Amino acid sequence: MNCKEALPLMHDYLDGDLSQPEALKLKEHFVQCTNCRTLFKELERTDAMVRSLPPTSVPDDLTERIMGGLPVVKKRNSWLQWVRKHPAASVAVVFLALMFGSFMAMWNQDGELMVKGTDLQDVIIQGDTVIVPEGHTVNGNLVVKSGKLQVNGDVTGNLIVIDGSLNLASTAHIYGQITKVDEVMGWFWYKINTFLEQFSE
Ligand SMILES: [Zn+2]
């Protein structure tokens, strides 16, 4: 068996559709092929992750959006069955799994304060509190992770608070959207959405 033959069998395996002799052949291939073994682990992890999500936390059209513009999945088929018929999409799945891995690493890294934005010169940081002072304007988005965000002034973009708290003073003006992300899955979907928005714009 070569790698090209192994890939659809991996999807079959995860779907529970693989016959015993085929499973054995696939196992034999894994023994020889590190690449496929690694790929399979990523697929398995992604599959487990997607299955473990409460239905409400997955946007209905997520699969379609990930696979963007490709034919719609039949409801009774699992998303993996669909992916199997479109091997190119497997690359996207693996990419998402790898992204997820690096997010987990980022997420676990710290309870360390992180502040991100394109215009931070007016932003004051005191301990774990990030302050946008009254009468000052932050141009663009402001992202704060693992800290308290106190907005007394203006933010022209979006406010994103990850694993932290947000306090808006009556003098604050936020022109964009306010997003609070409290859980790692929320953080993950937030990143996925951010990623997908690049394609929808
Ligand atoms: Zn291989």
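For the reader, a short list of remarks on this structure follows.
- Some residue of the range 7-26 being modelled with pLDDT under 80 and buried (at least 16 other Cβ atoms within 10 Å of the Cβ): yes
- Filter result (outside any loop (DSSP other than H, G, I, E, B), open to solvent by 30 Å² or more (accessible area, probe 1.4 Å) and at pLDDT below 80) within the range 160-190: VAL184, MET185, GLY186, TYR190
- Counting only residues that are more than 14 Å from the ligand (Cβ to nearest atom), farther than 21 Å from LEU96 by Cα, in contact with a helix residue (DSSP H, G or I) (Cβ under 9 Å, 6 or more places away or on another chain) and part of a helix (DSSP H, G or I), the range 1-54 holds 2 of them.
The values are calculated or read from the model by the stated rules, or taken from the named source; none is laboratory data. On a predicted model such as this, the values are computed, not experimentally measured, just so you know. Cβ atoms come from the backbone with ideal geometry, glycine included; neighbour counts cover every protein chain shown. Calculation scope for accessible area: heavy atoms of the full protein, side chains included, ligands and nucleic acids excluded. Shrake-Rupley method; radii C 1.70, N 1.55, O 1.52, S 1.80 Å.
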